[in-house]
Every structure is written in structure tokens, then in C-alpha cells.
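S.K.: This is the structure I have questions about; it appears just below.
The values are calculated or read from the model by the stated rules, or taken from the named source; none is laboratory data. All of these numbers come straight from a predicted model, not from anything done at the bench. Here the Cβ is made from the backbone with ideal geometry for all residues, glycine too, and neighbour counts use every protein chain on show. Calculation scope for accessible area: heavy atoms of the full protein, side chains included, ligands and nucleic acids excluded. Shrake-Rupley method; radii C 1.70, N 1.55, O 1.52, S 1.80 Å.
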Amino acid sequence: MHTDLPTIKTILRRYGFPESVTMTESFIDHWTPGKEIKAIFSVTLADRRKLVIKIVHDHTTSAKQQIIEAQSRFSEAMRARGIRTPRRYMANGQFCTLLPCRDLEGKVTVEDYCGREIFYITPHLSEEIGKLMAKMHLLSLEAQLTIGCGTLFSAAYDNDVDVYDRFCVLCQNEPIDRSPVNRIMALREEKLSRIRKAWPDLPKCAVQGDISVNNLVWDDEGLQVFDYNNAGDEVLVGDMVLEGLLTAFEMDLPDGVPETSRDGLFDAFLRGYLSVRPLNPQEQAVVWDIYTLWHGLWFTRIVYHKQSLEKVIGRGDWVAANGILTGIVSDMERVNDGRFLAQHP
């Protein structure tokens, strides 16, 4: 969906920017007739200000105008409390406005451009990301901020890293050793039961919901976070563990850095988080179950990765498949080593 200059000027005037446009750059440009719009692009104005315009439409909850408005207000609440995040602009008292786009109704937002995303993860960056998340959690909790929808990463219920159904299908292959499979299934049920029992009493508030390197800028002043399109209300300890695992295991590494360094990346993230926001007793009582459940059944361990359970089964490598299953059991049975307790020098 190519966004023409008259449409861009209409949006800019609506948001109080009458200056002429000197340059545009498209980041995402997707349009499915009658179904979906996702257009994200920057515009440079005559006075050299650079803005990001987003136009979205689909049938998910996160694309509803009231949710985008609430996410924008949360972003501004974080900015007002000292979190480095791009300023969002209003038109007629709203951050999110409607614009007819071909055969759909686009939801439009305008914000400052903050720079290029980070391309890879390092231990130092991982620790700083942990600190940033903890600070945002604290500020949101103190102000009792809410958005009105969930996130992609509920450790107790639906989340985007849960591929257990696919795991069960893969393990129907006859050469698979049933002993570790049965143990994994039993451990999952035990841990989920304890997590869900504790869930209603754990601290919960609005969170950014996708604090990966792809949504961060690093400069001389430190980290700046952008993109709140997955922001929602979440239990903080679950958000911390799942996004910490995502940061450690799914972000690109610098050239020459081995995959074996990833556990250390999670430890760095955790160290940063706990230095700003130690867990309360209720969180400490359940965090080990959250960590061992999702670290053990991490989705790329089961699918997608070239050495995942799915791939080795596809190659008929039953020895490797059974080895992966044994490793999952080992991680899920790991005894609490105290790593989630804040360490004071």
C-alpha cells in the first residue's frame, strides 16, 4: 500500500505539522484488500524534524482504536516519568485517529523518530534492558497504569512462545522415547497448576509488552524504547521471565559470538532487572516454576531452529531427538539455585 504525498500531508496537517515534506522512508508497507493495513514510514519536514507515521487496520484487539489510544497514553505516561521514549502527538484530543485508506479504515498515530533499532544483543545491553524493564514496571505499578488488553507473553495462559500442542504432535512419532515425554507432560501440568493458582495475587499493571532489541535504540544517553503496539496489562514476574528469555535466546548475536553464550545473556538481563526491582515474596515463590517451565519448553528448542526437535525428527535423527527431550526434562527438574533473589554487593 503505497502512501501518497497528499495523504501524508493530510495526516500531518491534522496533527499540527503544516511544514512541507522533504523526504519519506518506508519501514513496513503492507495492504491486503478488505482485510489488513500495516504501513509504517518516516517523514522528514522542512525544519528537519523527523516523524514516524503508522497506519494500521486488522481484526485483532490490539488494532482497535481504543486500545491504540490507551497504548499511546501509556507511552506518554512512561515518557512523562523519565523513560526515554518518542513523543506522541495528538489531533483533536486523541493520539489515534481514523483515516479512510482504500477500502479500509486506518488507525493513524504520529510520533517522533528516535533512531535506528539495535541489531544484536550483548551482555551489557542485556543488563541494561533488564534495568529498563524493571524501571518501567515500577513506574507503571506505582501509578496503577492499565491499558485494557493482554499481551503476547502471559506465562500462565496464552502466549506467543507456547508450542506445546506442536510438541505433543511431534512426540507421537513411534521411535521417540516415551519416558521423557511423559515426564515433560507431567511437569508441565504441575508447574502450570501452581503458577495459575498464584496468578491472581501477583503484581500486575500495564507493560510495554515487547521490549526486544528491535524496539530499542542505543545512544550516548542509553536506551530509548519505542513501539507499544503489543503493550497491555500483564503479571510482572511473568513478563520479566518471558521477555528476558526472548532477549537472551532470540536476538541476533554479534559476529563470532557462540550460541553457548545465551544463558549468560539471560543472567545479565536478570541481574539488571533485580538491581532495580527485587521480586516480592509472592513472586519469589512462583518465579522458579515460570522460569523452568518456559526455559525447558522454549519454542525454538521445539520448532524453527535448525537443531530443534522438529528439525531433527524431520531428518530421522532419533538419537538427537531423544537427547533434546532428556535435556528438556533436566531443565524443567532443575533445583532452585537462588538466581532470582536480588544480589547485593
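S.K.: Only helices (runs of 4 or more DSSP H) wholly contained in the stretch 299-345 count here; list those with 3 or more residues that are of a type in the set (Lys, Arg).
M.R.: Output list is empty.
S.K.: Could you please let me know if GLY130 is touching a residue at least 24 places away in the same chain (Cβ under 8 Å), touching a Gly at 6+ places or on another chain (Cβ under 8 Å) and not hydrophobic (A, V, I, L, M, F, W, C)?
M.R.: Yes, satisfied.
So that you can scan it fast, the table gives a plain yes or no per residue for (1) charged (D, E, K, R); (2) open to solvent by 10 Å² or more (accessible area, probe 1.4 Å); (3) not in a loop (DSSP other than H, G, I, E, B):
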residue: ILE68; (1), (2), (3): no, yes, yes
residue: ARG73; (1), (2), (3): yes, yes, yes
residue: ARG79; (1), (2), (3): yes, yes, yes
residue: ARG84; (1), (2), (3): yes, yes, no
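S.K.: Here's something else I'd like to know. In the stretch 33-53, what residues are in a strand (DSSP E or B), modelled with pLDDT under 95 and open to solvent by 50 Å² or more (accessible area, probe 1.4 Å)?
M.R.: Answer for the stretch 33-53, where residues must be in a strand (DSSP E or B), modelled with pLDDT under 95 and open to solvent by 50 Å² or more (accessible area, probe 1.4 Å): GLU36, LYS38.
S.K.: Can you tell me which condition GLU111 does not meet? The list is (1) touching a residue at least 60 places away in the same chain (Cβ under 8 Å); (2) out of contact with any helix residue (DSSP H, G or I) (no Cβ under 6 Å at 6 or more places or on another chain); (3) among the charged types (D, E, K, R); (4) not in a strand (DSSP E or B), and all the others hold.
M.R.: For GLU111, the exception is condition (4).
S.K.: Can you spot a residue in the stretch 277-288 that is open to solvent by 20 Å² or more (accessible area, probe 1.4 Å), under 25 Å from ILE147 (Cβ atoms), in contact (Cβ under 8 Å) with a residue 12 or more places away in the chain and β-branched (Val, Ile, Thr)?
M.R.: no
S.K.: I need every pair where a residue in the stretch 303-328 that is closer than 18 Å to GLU250 by Cα and touching a residue at least 24 places away in the same chain (Cβ under 8 Å) has its Cβ under 9 Å from the Cβ of a residue that is of a type in the set (Phe, Trp, Tyr) and open to solvent by 50 Å² or more (accessible area, probe 1.4 Å), sequence separation at least 6 or different chains.
M.R.: Matching pairs, first to second residue: GLU310/TYR304.
S.K.: Of all residues in the stretch 116-138 being assigned to a helix (DSSP H, G or I) and in contact with a strand residue (DSSP E or B) (Cβ under 9 Å, 6 or more places away or on another chain), which is most open to solvent (accessible area, probe 1.4 Å)?
M.R.: Ranking the candidates gives LYS131 first.
S.K.: Name the one entry in TYR89, TYR113 that is open to solvent by 20 Å² or more (accessible area, probe 1.4 Å) and in contact with a Pro (Cβ under 9 Å, 6 or more places away or on another chain).
M.R.: TYR113
S.K.: Specify the residue that is nearest to VAL169 (Cα to Cα); the eligible residues are those in the stretch 301-319 that are among the aliphatic types (A, V, I, L, M) and surrounded by fewer than 16 Cβ atoms within 10 Å (Cβ to Cβ).
M.R.: VAL303
S.K.: Evaluate the following for VAL56: is it of a type outside the set (Lys, Arg) and either modelled with pLDDT under 95 or farther than 17 Å from TYR228 by Cβ (or both)?
M.R.: In short, yes.
S.K.: Looking at (1) within 26 Å of TRP318 (Cβ to Cβ); (2) in a loop (DSSP other than H, G, I, E, B); (3) open to solvent by 40 Å² or more (accessible area, probe 1.4 Å); (4) in contact with a Phe, Trp or Tyr (Cβ under 9 Å, 6 or more places away or on another chain), which is the one condition that is false for VAL161?
M.R.: (3)
S.K.: Where the second residue is aromatic (Phe, Trp, Tyr) and buried (at least 16 other Cβ atoms within 10 Å of the Cβ) and the first is free of Cβ contacts under 8 Å to residues at least 60 places away in the same chain and lies in the stretch 74-85, which pairs have Cβ atoms under 8 Å and are six or more apart or on separate chains?
M.R.: Matching pairs, first to second residue: GLU76/PHE95.
S.K.: Please work out if ILE11 is under 28 Å from TRP218 (Cα atoms), among the hydrophobic types (A, V, I, L, M, F, W, C) and in contact (Cβ under 8 Å) with a residue 12 or more places away in the chain.
M.R.: Answer is no for this residue.
S.K.: Return the residues of the stretch 1-32 that are open to solvent by less than 80 Å² (accessible area, probe 1.4 Å) and part of a loop (DSSP other than H, G, I, E, B); say none if nothing qualifies.
M.R.: Answer for the stretch 1-32, where residues must be open to solvent by less than 80 Å² (accessible area, probe 1.4 Å) and part of a loop (DSSP other than H, G, I, E, B): MET1, THR3, ASP4, TYR15, GLY16, PHE17, GLU19, SER20.
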